[in-house]
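Below: one structure, written as structure tokens.
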Amino acid sequence: MTRDETVAFLERRQDALRRLDPVALASLHAVDGVLESPFAGGTALGREAIEQVYRAFFAAFSPSFRQEAVLVDGDRVVLLVHIDGTDHGGLMGQQPTERSFSLSLVSLFELSDGLIARERRIYDFTGLLIQVGAIKAKPV
């Protein structure tokens, strides 16, 4: 993909994130794609499993996404995204807390044949759990 094609691809992805559309987002991943994410419990393999990760995250949090920075190097992409949301759906089998969270996420993509072959999401999952009240932390 050219840089312009990659940027257009990322704009389609951002639009699907705005709409919280798990089907459209999963379609941007390869059929045998890999997603590494704390929320996925480690690794989700294949488009169907990746779609379920998007569905579960959207159902739990009703998030909004703001893309802050993009780096494109050939078929590799680094995104810095800010996410705000509220625990409306419950997390890991717990009752919803209705507490809000705000976090930054770095997403590393490897693109192949115009799709995401591998994505690795890096963010403070423990901080997310503390913010929504799923776990408690002692102030320092």
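The values are calculated or read from the model by the stated rules, or taken from the named source; none is laboratory data. Please read these numbers as outputs of a predicted model, since none were measured by experiment. FYI the Cβ positions are ideal-geometry reconstructions off the backbone, even for glycines, and counts take in every protein chain you see.
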Restricting to region 76-125, count the residues that are within 21 Å of GLY33 (Cα to Cα) and in a loop (DSSP other than H, G, I, E, B).
3
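What residue, among those in region 31-60 that are in a helix (DSSP H, G or I) and touching a Leu at 6+ places or on another chain (Cβ under 8 Å), is modelled with the lowest pLDDT?
To start, the set of residues in region 31-60 that are in a helix (DSSP H, G or I) comprises 47-60.
From what is left, the residues that are touching a Leu at 6+ places or on another chain (Cβ under 8 Å) are 49-51, 53-54, 58, 60.
Numbers: ALA49: 97, ILE50: 97, GLU51: 97, VAL53: 95, TYR54: 95, PHE58: 93, ALA60: 90.
Looking at the filtered set, the residue picked out is ALA60.
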Of the conditions (1) surrounded by 13 or more Cβ atoms within 10 Å (Cβ to Cβ); (2) among the polar types (S, T, N, Q); (3) closer than 22 Å to ARG18 by Cα, the single one that SER100 does not satisfy is (1)
On the basis of being exposed (fewer than 13 other Cβ atoms within 10 Å of the Cβ), over 18 Å from ALA56 (Cα atoms) and of a type outside the set (S, T, N, Q), does VAL78 make the cut?
no
Taking region 1-30 as the search range and keeping residues that are in a loop (DSSP other than H, G, I, E, B) and touching a residue at least 24 places away in the same chain (Cβ under 8 Å), which one is nearest to VAL77 (Cα to Cα)?
MET1
